[in-house]
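Taking it in order: structure first as structure tokens, then the write-up.
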């Protein structure tokens, strides 16, 4: 684990795996930190160099006053990569992390070998939704949204079978700085890449959980259809954060895709 400064913001990151292995960077979702990727990292770390970080406003990274623009998140990611000397990588993101990944693919395509987008879209929600979320958290803190968000994050099956784990992830959400959550809601409110992503020319895998209430499968699939040559995969019985509910299945999809894209050898998981 380490820290890097980007302007006035200090970002927490973690790197695991061999220094000479192909790099796969992972970007977390709204209201979470990099720990949501632990199950995927555990399975892929023998074969890749796994980089995860807490985006601004989340985890152990600074939470400056918002609003945060997409450009702020792209600058943060670039700062982490530059600090570690990473010139070429595959990039994966979930939800707003997937939006950041799309933006990075458009801004710095020369750095990417492949792109993995989980439960995300070129445009997520609308102005009214995110303005309501900002007002709710500013007035009532994270507890005002916690139950709603947990229901949207996880499938009914996971909530029933893994009640203790759900409590733990809810605790992570509650400990997210309200200012960081609201600042990132503004990113989602103000970003629409629906038309721009047609210019992405990278090998791309798009994954959706079929029980996702936050970014329904049809929305995610429509995003995949806008990216030339993108693959689209459905994960049955999975909600909005597949790296938590089905890390083994997601790791397998990622490993197969990266191998087919010519980025590293296909590992036996």
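Brief remarks on what is shown
- Test: residue in the stretch 35-44 that is in a strand (DSSP E or B), within 22 Å of residue 94 (Cα to Cα) and in contact (Cβ under 8 Å) with a residue 40 or more places away in the chain: no
Here's the yes/no breakdown for (1) out of contact with any strand residue (DSSP E or B) (no Cβ under 6 Å at 6 or more places or on another chain); (2) closer than 19 Å to residue 33 by Cβ; (3) assigned to a loop (DSSP other than H, G, I, E, B):
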{"position": "233", "(1), (2), (3)": "no, no, no"}
{"position": "237", "(1), (2), (3)": "yes, no, yes"}
{"position": "240", "(1), (2), (3)": "yes, yes, yes"}
{"position": "244", "(1), (2), (3)": "yes, yes, no"}
{"position": "248", "(1), (2), (3)": "yes, no, no"}
{"position": "252", "(1), (2), (3)": "yes, no, no"}
{"position": "257", "(1), (2), (3)": "no, no, no"}
{"position": "262", "(1), (2), (3)": "yes, no, yes"}
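- Residue pairs whose Cβ atoms lie under 6 Å apart, separated by 6 or more positions or on different chains, with the first residue in the stretch 1-17 and at pLDDT below 95 and the second assigned to a strand (DSSP E or B) and surrounded by 12 or more Cβ atoms within 10 Å (Cβ to Cβ), are 1/14.
- Residue that is nearest to the chain's Cα centre (by Cα), among those in the stretch 59-106 that are surrounded by fewer than 19 Cβ atoms within 10 Å (Cβ to Cβ), over 22 Å from residue 10 (Cβ atoms) and in contact (Cβ under 8 Å) with a residue 40 or more places away in the chain: 106
- Any hit, the stretch 107-129, residues being assigned to a loop (DSSP other than H, G, I, E, B), in contact (Cβ under 8 Å) with a residue 12 or more places away in the chain and in contact with a strand residue (DSSP E or B) (Cβ under 6 Å, 6 or more places away or on another chain): yes
Residue-wise test of (1) closer than 14 Å to residue 235 by Cα; (2) without any contact (Cβ under 8 Å) to a residue 12 or more places away in the chain; (3) assigned to a helix (DSSP H, G or I); (4) out of contact with any helix residue (DSSP H, G or I) (no Cβ under 8 Å at 6 or more places or on another chain).
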{"residue": "167", "(1), (2), (3), (4)": "no, yes, yes, yes"}
{"residue": "171", "(1), (2), (3), (4)": "no, yes, yes, yes"}
{"residue": "188", "(1), (2), (3), (4)": "no, no, yes, no"}
{"residue": "193", "(1), (2), (3), (4)": "no, no, no, no"}
{"residue": "198", "(1), (2), (3), (4)": "no, no, yes, no"}
{"residue": "220", "(1), (2), (3), (4)": "yes, no, yes, yes"}
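The values are calculated or read from the model by the stated rules, or taken from the named source; none is laboratory data. What you see is a predicted model; the values in this text were computed from it and never measured. Virtual Cβ from ideal backbone geometry, glycine too; neighbours counted across all protein chains shown.
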